[in-house]
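K.L.:
Before anything else, here's the structure in question.
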Amino acid sequence: MVCVVLNVWRGRPRPRNLTTTQPPVPTDSARVCRVVVNEGKNLNTSTTMTTAKPAFDETQSCWSCGAPRPIHFCEACGKVQPPASVDYFTFFRLPRKLNLDVPALEKDFYDLSRKLHPDLNARAGGKDTGGKEQEKENEQEWSLQQSSQLNDAYRTLKDPIKRTQYLLQLEGVELEEQSKTATEQARSTGQLKKQIVPPDLLEEVFELNMQLEELRMHKKMGEDDPALIDEIGRQKLELEEKQEALLQELKTRWKMWDGMIQREHNGQPVSEEERRQERDKMVDILNRRNYIRNLVRDVSEVLEN
Amino acid sequence: MKQFEPKVLQLHNYEITKLLNYTMATDRIVGIDLGTTNSLVAFMQGESPVVIPGEDGLNLVPSVVALDEKNQPVVGNAARKYLTETPERAVYSIKRLMGRGVDDVQEELKYFPFRLAKDLQAGEVLRITLGDKTFTPPEISALILRQLKRNAERFFAAPVTKAVITVPAYFNDAQRQATKDAGRIAGLEVLRLVNEPTAASLAYGLDKKQNGIVAVYDLGGGTFDISILKLHDGIFEVIATNGDTHLGGDDIDNLLITIALDDTLGDLGLDLRRNPEAVQAIRKAVIEAKIALSSQPSVKLDVELPGGKHYLREITREQFEQLIQPVIDRTIGPCKQALKDAGLKPEQIEEVVLVGGSTRIPKVRALVKELFHREPHTDLNPDEVVALGAAVQANILGGGSEATENMLLLDVTPLSLGIEVAGGVTDKVILRNSTIPASATQFYTTQIDGQANVAIHVLQGERELAKDCRSLARFDLKGIPPMAAGMARIEVKFLIDANGILNVSAREQRSGKESEIQVQPSYGLTDEQVEGMILDSFDSAEEDFRQRQIIEARNETATILAALDKGKKSPAWGHLTTDEKKKIAKMEKALAAVNNEDDYQAIRKAIEALNQGSTRLAELMMDTAVSTALKGKTMEEADMGEGPTAPHPMAKAEFE
């Protein structure tokens with residue numbers, strides 16, 4: 001028989017990126033947009049995530065008052081700055097560490113929202129610039145850009161899984177696309193996706209898929225099988241426990257990673273090999289966890305329908 | 001004399017100048033609740049939001065538009081009579097059609113008397129026939145907005161050009177865009193679209209000023225929203241939202257109408273389904289019955305039908321509740337999903353705020369209690385709280401005041417944004433419940449050598465397949481210079497702004513040649529079409545304005561004559577000299593003489609004269625307690641308790 005969940009396919013690879021590597025273009029309305037062309041710019045041809053995030057240039061100054069330019073907002077004159085092309089950690093002025101004080105991050109998020117949100121800059125520029133229209137427009141546009149950058153960064157960093165994935169992407173790792181979308185896409189294009197069923201789960205997963213298939217059949221026939229549903233529900237709970245255990249395992253890897261970054265920060269050399277090993281361990285945990293998460297989702301779907 | 005309403009009293013006294021100065025400074029940004037059944041306009045008066053009443057003194061403007069005998073559009077209460085008299089010249093619940101295509105509305109057409117234009121082309125924006133004219137849904141909504149704009153202008157005695165308009169949280173991009181277009185057509189700059197439940201939370205939070213997790217359950221005339229928010233020191237952070245843009249009191253009405261039509265066919269042998277007048281008469285009666293059943297155990301329906309027969313039926317609350325159960329049960333799924341998305345259990349919700357007229361139904365309240373394990377908060381007026389919240393947001397956008405300086409709304413996008421990829425699958429790039437503004441960047445390339453165009457299909461929705469999601473727009477990246485397949489690198493940035501509307505920008509990174517994106521919105525008006533509609537309304541604006549001035553002057557005549565009648569019966573009348581009485585009588589006669597002529601200036605002059613001539617009478621009429629407060633006020637202003645509540649008896653509305 002065919003086990004749907006075991007059919008793991010590989011989608012057509014396509015360039016994919018989650019972060020902007022160039023300063024954002026002024027946004028026109030959705031109705032008509034023009035492509036802004038960068039002349040003669042050399043781009044990284046690899047389709048993996050770009051690691052080369054330009055570090056924030058601390059030598060810049062505020063466009064309005066000339067004070068040393070902060071990333072988002074000038075404390076000296078209260079002006080929103082043009083968006084800087086920085087990664088999410090830099091945006092919050094955080095080191096690339098994974099153990100993160102989430103309540104403190106939330107506080108920073110709220111504080112920055114109060115400075116950057118377009119609602120509060122709706123009348124920006126009009127206060128003491130003598131209402132220069134262009135400046136006002138610029139500031140509103142920057143406020144929109146900065147605010148979306150802030151929201152995107154907060155959404156990514158506050159979530160332990162997304163944060164880890166993001167950091168790994170910054171490190172140049174291409175994560176296995178284990179999403180349902182990728183699976184569907186692979187199915188439709190007929191390309192085989194790299195199978196990454198964790199070996200220790202193989203037998204269990206096979207069993208579960210048989211049961212799911214059986215339950216689907218029962219449902220199709222309009223029959224009820226409480227014993228089977230109970231059994232599947234029990235397995236679902238076990239999977240959820242495994243998922244949680246993997247998150248804890250991931251958190252222990254965070255400590256190793258953060259320690260390594262700290263050593264590097266203190267001027268001790270970290271070998272590329274060590275870095276790669278730490279990355280790979282986290283990638284492995286994430287892949288296993290994603291696999292289980294998708295299983296749980298499929299089981300829930302069958303149980304709920 | 002009549003007791004003033006506190007609100008009115010405030011406006012009539014010293015506040016006026018202050019108020020006008022204040023609103024002048026903030027460009028008079030109003031908050032508008034453009035509802036399925038009723039619409040309202042509100043503004044921030046000092047530290048609290050208030051609703052601006054219409055000419056008839058009522059806060060709610062029914063969202064009904066009709067063409068009168070002279071083919072002029074009529075809005076609100078004045079338009080309601082046309083629903084039963086000339087239903088082919090009237091329309092209600094137009095919000096259901098906003099931003100939708102002809103395929104989306106087939107279900108609606110079974111229950112709503114929308115007369116689509118016969119020459120409607122596939123892919124065209126819907127057009128509704130009223131009499132022998134056709135209007136798009138944004139144009140009809142614009143007529144409602146224009147009425148609210150006029151009410152506000154009358155109230156401020158000055159033009160109003162900026163507004164915050166509320167939309168259901170679960171509105172998609174096309175529905176939002178259509179609402180924004182309606183604002184533009186009405187001559188309003190829409191500074192922000194705010195989600196209705198979020199607006200309600202602003203009004204609630206302004207009042208309560210406490211931190212915690214709050215759910216807003218908003219069941220209105222045509223839409224249902226559930227939003228879960230975290231209130232934290234003035235920040236209103238939406239954590240999750242869900243809903244159904246086609247679920248509300250309308251659906252309950254339609255159930256009752258269907259039953260009544262079956263009854264009349266079965267019991268009386270009358271098939272009224274193709275008789276719009278009779279259907280509207282039944283609709284009116286069942287709505288009244290529905291409202292009555294919120295406070296009574298049973299209600300008797302009695303509708304006179306064509307041919308003189310009567311449709312009689314008693315409905316008990318129990319029957320009613322059984323009947324509507326399937327409708328209100330449809331709110332359960334979205335509530336559970338929102339809780340799940342927020343990662344919260346019902347016990348963690350500290351307060352559930354009820355919004356929308358349909359939450360007056362006891363059975364709905366019981367359902368909410370069951371869902372969230374607590375008694376809902378019912379202190380707010382469910383009809384007005386959204387408009388009041390919109391006024392709060394308008395105030396924040398206008399620079400804030402003492403009451404709102406710490407307030408900031410962080411809303412979310414209700415639906416995921418996706419791109420169609422190979423195999424007709426949706427690839428989600430911005431997930432639902434992401435705080436807005438939110439952005440995502442995608443890179444595109446070519447699939448064959450020398451390919452010059454890349455098509456991008458943008459979708460909104462949660463389903464896996466593109467065909468099951470809402471199509472927002474198709475983008476064509478054009479003029480890509482010839483190169484080998486996969487070499488082009490086009491960066492497309494999707495940004496959902498604070499209105500929940502999508503903006504797209506793009507750049508080709510490898511070539512030095514300029515290329516262009518063309519956007520074909522799947523549903524909606526083009527910029528040129530909207531421009532054209534604005535001009536149309538400008539053309540008739542002058543005539544509209546002249547007629548309106550006359551009507552308003554006549555209303556004022558009625559008010560002042562009524563007040564004068566009252567004055568003549570009061571003891572104060574006896575204190576006037578014979579000469580004074582004669583003068584007043586003469587001026588009264590003069591006013592009556594010009595009142596029915598189409599000369600606005602003449603009516604105004606006569607009113608002014610009578611107003612001045614009766615000042616002493618007005619003063620005498622006031623008892624000592626209020627006379628201090630109202631010193632120097634004229635007759636008309638002194639007796640404004642029941643009349644229109646404009647600060648100035650004849651506020652001149654100005655139009656650009």
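Just so you know, all these numbers are worked out from the coordinates, no wet-lab data involved. What you see is a predicted model, and the numbers here were worked out from it, not measured in a lab. Cβ sites come from the backbone with ideal geometry, for glycine too, and all protein chains shown count toward neighbours.
K.L.:
Which loop-located GluC sites (Glu not before Pro) does the range B:37-136 contain, where loop means any DSSP state but H, G, I, E or B and the Cβ has at most 14 other Cβ atoms within 10 Å?
P.N.:
Counting only loop positions with at most 14 other Cβ atoms within 10 Å, the GluC sites (Glu not before Pro) in the range B:37-136 are B:GLU47, B:GLU69, B:GLU124.
K.L.:
Okay, next question. Using unit Cβ charges (K, R positive; D, E negative) and no other charged atoms, how large, in debye to the nearest 20, is the dipole of the range B:249-327 about its Cα centre?
P.N.:
The dipole of the range B:249-327 has a size of about 120 debye.
K.L.:
If you put +1 on each Lys and Arg Cβ and -1 on each Asp and Glu Cβ, how big is the dipole of chain B around its Cα centre, in Debye rounded to 20?
P.N.:
Around 600 debye, computed over chain B.
K.L.:
Something else about it: In whole Å, how far is the Cα centre of the range A:217-274 from that of the range B:175-226?
P.N.:
Centre-to-centre (Cα) distance: 39 Å.
K.L.:
Explain nothing, just compute: Karplus ³J(HN,Hα) = 6.51 cos²θ - 1.76 cosθ + 1.60, θ = phi - 60°, for every residue of the range B:388-399 in order, whole Hz, x for Gly and Pro.
P.N.:
Once rounded to whole Hz, the list reads 4, x, 4, 5, 4, 5, 4, 5, 4, 5, x, x.
K.L.:
If you take each beta carbon of peptide B:190-198 and count the beta carbons of other chains within 10 angstrom, what is the mean?
P.N.:
Across the residues of B:190-198, the mean count of other-chain Cβ atoms within 10 Å is 1.
K.L.:
Something else now. Among A:ARG93, B:ARG474, B:ARG184, rank each residue by its count of other Cβ atoms within 10 Å, from fewest to most, as a rough exposure measure.
P.N.:
So the ranking, lowest neighbour count to highest, is A:ARG93, B:ARG474, B:ARG184.
K.L.:
Specify the angular offset, from 0 to 90 degrees and rounded to the nearest 10, of the alpha carbon long axis of helix B:276-292 from the longest principal axis of the alpha carbons in chain B.
P.N.:
Here the helix axis deviates by roughly 80 degrees.
K.L.:
Provide the net charge surrounding B:LEU60, with neighbours chosen by a C-beta distance below 11 Å and charges set as Lys +1, Arg +1, Asp -1, Glu -1.
P.N.:
Combined, the nearby Lys, Arg, Asp and Glu give -4.
K.L.:
Could you pull out every residue, at least 5 positions away or on a different chain, whose amide H is within less than 5 Å of the one on B:SER434? Hs are placed 1.01 Å off N in the peptide plane, and Pro or chain starts have none.
P.N.:
Counting only residues 5 or more places away or on other chains, the set is B:THR413.
K.L.:
With everything on Cα atoms, drop me the angle between helix B:578-595 and the longest principal axis of chain B, reported from 0 to 90° to the nearest 10.
P.N.:
The angle comes out at about 40 degrees.
K.L.:
Still on this structure, I have one more. Would you tell me the mean number of C-beta atoms belonging to other protein chains that fall within 10 Å of each C-beta in A:104-112, as a whole number?
P.N.:
2
K.L.:
Rounded, prolate or oblate: pick one for the range B:249-327, where a ≥ b ≥ c are the square roots of the eigenvalues of its C-alpha gyration tensor, a/c under 1.5 means rounded, and failing that, prolate if a/b is larger than b/c, else oblate.
P.N.:
Here the range B:249-327 falls in the prolate category.
K.L.:
Compare the Cα positions of B:TYR82, B:MET44, B:LEU576 along the charge dipole of chain B (+1 at Cβ of Lys, Arg; -1 at Cβ of Asp, Glu; about the Cα centre) and return the one farthest towards the positive end.
P.N.:
The one lying farthest along the dipole's positive direction is B:LEU576.
K.L.:
In whole Hz, with x marking every Gly and Pro, tabulate ³J(HN,Hα) for the range B:344-358 from phi via Karplus 6.51 cos²θ - 1.76 cosθ + 1.60, θ = phi - 60°.
P.N.:
Result, ordered by residue: 10, 9, x, 5, 7, 7, 8, 7, 10, 9, 9, 9, x, x, 5 Hz.
K.L.:
Could you tell me what fraction of 2.2 N^0.38 Å the Cα radius of gyration of the range B:413-483 comes to, as a two-decimal ratio?
P.N.:
1.21
K.L.:
Would you compute, from DSSP H runs of 4+ residues alone, the mean residue ellipticity of chain B at 222 nm, taking -39500 (n - 2.57) per run and dividing by the full residue count, rounded to the nearest 500?
P.N.:
Taking each H run of at least 4 residues, the total per residue is -12000 deg cm²/dmol.
K.L.:
A further question on this structure: Tell me, what is the percent relative contact order of the range A:191-304, built from C-alpha pairs under 8 Å that lie six or more residues apart?
P.N.:
So the answer I get is 39 percent.
K.L.:
Grab the other residues whose beta carbon is less than 11 angstrom from that of B:ASP173, score K and R as +1, D and E as -1, and report the net.
P.N.:
+2
K.L.:
While we're here: Give the Rg/Rh ratio for the range B:188-277, taking Rg as the radius of gyration of the Cα atoms and Rh as the Kirkwood radius, to two decimals.
P.N.:
Numbers: Rg = 20.2 Å, Rh = 16.1 Å.
Rg divided by Rh gives 1.25.
K.L.:
Please express the Cα-Cα pair-distance distribution P(r) of chain B as a list of whole percents, one per 20 Å bin, running from 0 to the bin with the greatest distance.
P.N.:
Over chain B, the share of Cα pairs per 20 Å bin runs 17, 46, 30, 6, 1, 0 percent.
K.L.:
Can you put A:VAL102, B:VAL412, B:VAL454 in order of Cβ neighbours within 10 angstrom, beginning with the fewest?
P.N.:
A:VAL102, B:VAL454, B:VAL412
K.L.:
Also, quick follow-up: Taking the Cα centre of the range A:199-288 as origin, sum charge times position over the Cβ atoms of Lys and Arg (+1) and Asp and Glu (-1), and report the length of that vector in debye to the nearest 20.
P.N.:
Dipole magnitude for the range A:199-288 comes out near 560 debye.
K.L.:
Another question, then. Would you be so kind as to identify which of B:ILE252, B:PRO306, B:LEU323 lies farthest towards the positive end of the dipole of the range B:249-327, taking Lys and Arg as +1 and Asp and Glu as -1 on Cβ and the Cα centre as origin?
P.N.:
Value computed over the given set: B:PRO306.
K.L.:
Taking amide H positions as placed in the peptide plane 1.01 Å from N, state which residues far from A:GLN60 in sequence (5 or more) or on other chains have amide H under 5 Å from it.
P.N.:
For A:GLN60, whose amide H was placed from the backbone, the distant partners under 5 Å are A:ARG69.
K.L.:
Please compute the average number of Cβ atoms from other chains found within 10 Å of each residue's Cβ in peptide B:410-423.
P.N.:
3
K.L.:
Moving on. Give the peptides B:113-122, B:359-368 in descending order of average Cβ contacts within 10 Å, highest first.
P.N.:
So the peptides B:113-122, B:359-368, ranked by packing, come out B:359-368, B:113-122.
K.L.:
Could you run the Karplus curve 6.51 cos²θ - 1.76 cosθ + 1.60 with θ = phi - 60° over the range B:131-139 and give me ³J(HN,Hα) per residue in whole Hz, x for Gly and Pro?
P.N.:
Per-residue couplings from phi come out as x, 10, 10, 10, 9, 7, x, x, 5 Hz.
K.L.:
Let me ask something else about it. Would you please give the FRET efficiency between B:LYS340 and B:ALA593, computed as 1/(1 + (r/R0)^6) with r the Cβ-Cβ distance and R0 = 51 Å, to the nearest 0.05?
P.N.:
After rounding to 0.05, the efficiency reads 0.10.
K.L.:
Next up: For helix B:249-268, what angle does its Cα long axis make with the longest principal axis of chain B, in degrees from 0 to 90 and rounded to 10?
P.N.:
80 degrees
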